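Nothing in this text is a laboratory measurement; each read-out follows from the coordinates by a stated rule. Everything numeric in this text was worked out from a predicted model, so none of it was measured. Backbone-built Cβ (ideal geometry, glycine too); neighbour counts: all protein chains shown.
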């Protein structure tokens, strides 16, 4: 009797769910087996961004890394375009149902496309690149920000976002490689096309940065993205016959609501409130340039001599 009660416990049911519901199509994929390697990667990422990196850079000059940033962001743009294309061609071109799309666990070519793998291929470079891209691209950029001493850009919002999304990617690949929740990945990849294109251009220096007026719109796009995901996943709860797991849809809805709130607060703080503050320098697309007020500029030797002569003759005005 005791064993029967234990077997019916919540932890047993959760463990049973995660063991029995693994998507066998993705078994053996890189970083999709045990969650331990991913946890180690994320803990290392947070440790470096919050402690080790800032401490290492405390007495060092910031690294330039312009060439690295341009190349890195260019690669992200290309990979994100590919992910958008695969997502659209994999079902969101009219084949998938926007109201309810269950996960297709078959080895149908269309179903396999969303798991970045095609039938009759046991070693497909595309799927490996897709998983690596999903799990690793977020950590790299913040590592570069720390090395450039841009710690103000390593906010809670970005750390939360870039820590949670790989976990969502892991769960998606391992258990739900397809279906209703994949619309998030398609929209998010489109946002990344625009976002990494901006980062790439911004890394080219002030001559290009002065034309990047559209940075605030990236945050607006992020907010719109999660509003779409919020309602897209929420509707599953009101469809009793929908075959997509309602618990997963609920988690996606909650996650979208949190991101709507955090990105909205970020937008208010970074753009609306910042616009009301008195300027202390010249900002070129979020890059503050050092500009001293006119009265604080250093005087030339001739100006110093001239002032001294005026003081000596009693002719200097009080407002000088």
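What list do you get for 108, 23 if you sort them by fewest beta carbons within 10 Å?
108, 23
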- With r defined as the distance between the Cβ atoms of residue 151 and residue 81 and R0 fixed at 22 Å, what FRET efficiency is calculated, to the nearest 0.05? 0.10
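Please list the equivalent ellipsoid semi-axes of region 24-281, computed as the square roots of five times the alpha-carbon gyration tensor eigenvalues, in descending order and whole angstrom.
The three semi-axes for region 24-281 are 33, 22, 18 Å.
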- Note on the structure: Least to most buried among 26, 44, by other C-beta atoms within 10 Å and fewest first, runs 44, 26
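In Å³ and rounded to a whole number, note down the convex hull volume per residue for the Cα atoms of region 209-272.
Dividing the Cα hull volume of region 209-272 by its residue count gives 82 Å³.
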- Query: Across region 17-81, how large is the tail of the calculated P(r) beyond 20 Å, expressed as a percent of all Cα pairs?
  - Reply: 62 percent
- Item | Centroid-to-centroid separation of region 73-117 and region 169-246 [C-alpha atoms, Å] | 14 Å
- Largest-first principal axis extents of the Cα set of region 140-266 (Å): 56, 26, 24
- Ranking 167, 154, 95 by Cβ neighbours within 10 Å, fewest first, what do you get? 95, 167, 154
- Task: Given the peptides 237-250, 258-271, arrange them by the average over their residues of other C-beta atoms within 10 Å, most packed first.
- Result: 258-271, 237-250
